[in-house]
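Since the structure comes first, as structure tokens, the remarks are kept for the end.
Read-outs throughout are calculated quantities, based only on the coordinates presented, and are distinct from any laboratory measurement. Note that this is a predicted model, so its numbers are computed, not measured. Cβ placement follows ideal geometry from the backbone for every residue including glycine, while neighbour counts extend to all protein chains displayed.
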Amino acid sequence: MNLDNWEQLARDLGAIGENGNESSSSTQALRAIELLLGEDALREAVHYYIQRRPGRELLRSVLWQLHPWSAMDECYRVFRDAPSLSCKESAVELLRVVADERALPWVKEFLAHEDPRIQTWGIGVVDQLFYSELCHAEDIQELLETALKHENPWVRERAEYVEHMVRARSGRERLLEEWSAQFSDDELE
């Protein structure tokens, strides 16, 4: 690897400002890894997984850690364009762990699809994002409302579980706020 490329990569990602000051974030670091690995390679990795080739679970775990946009987008493209239902199902199943909040707009399509597995993997995207704290309750509220009334019992069941997590997290956050306020008040006395 040519180490001189780091400066340009940092500039491209906004980690070096016009004034020369440097900063970075986890998001920028993950995007840098995606670019270093290559967006085309990550798109190909989606197909490798869908084809159920050896090593696919390791590949899935790597994509899960990175949440690369190129892989998310490829999962969605396969869902939209693949002639094979099993490929569509595998793409949404993989997206469930590869996704970040940018994939949420696609979930409506998954829930509306005629295939029950795609519907179930679709609500699984919401479940995984909320569980992993990659989205907020308000980001998924409309999707949950749709899923709670869904004809597919597996979708409804998973939506109820996510709704329970939302309530539990909300209660936990309220408790922490109360504790924090009490702690602050005690400090002042």
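For the reader, a short list of remarks on this structure follows.
- Distance in nm between pseudo-label sites at Arg53 and Cys87 (7 Å out along the Cβ direction from Cα): 1.5 nm
- Span-like helix criteria (full DSSP H runs; alpha carbon extent of at least 20 Å along the helix axis; mean Kyte-Doolittle hydropathy of at least -1.0) are satisfied in the chain by 116-131.
- q = 0.10 Å⁻¹: log10 I(q)/I(0) that the Debye formula gives for the chain, counting C-alpha atoms only: -0.53
- Residue separation of Arg167 and His136 scaled by 0.36 nm, minus their Cα-Cα distance, works out to 10.0 nm of gained length.
- GNM result for the chain, Cα springs below 10 Å: residue of Ser132, Ser24, Ser70 fluctuating most strongly: Ser24
- Footprinting exposure proxy for Ile118, Ile140 (fewest neighbouring C-beta atoms within 10 Å first): Ile118, Ile140
- By other beta-carbon atoms within 10 Å, ranking Trp69, Trp106, Trp121 with the fewest at the front produces Trp69, Trp106, Trp121.
- Under 5 Å, built H, 5+ apart or other chain: amide partners of Ser24: none
- Over the chain, relative contact order from alpha-carbon pairs under 8 Å, at least 6 apart, %: 12 percent
- Per-residue Cβ neighbour counts within 10 Å put Lys108, Lys88 in the sequence Lys108, Lys88, beginning with the fewest.
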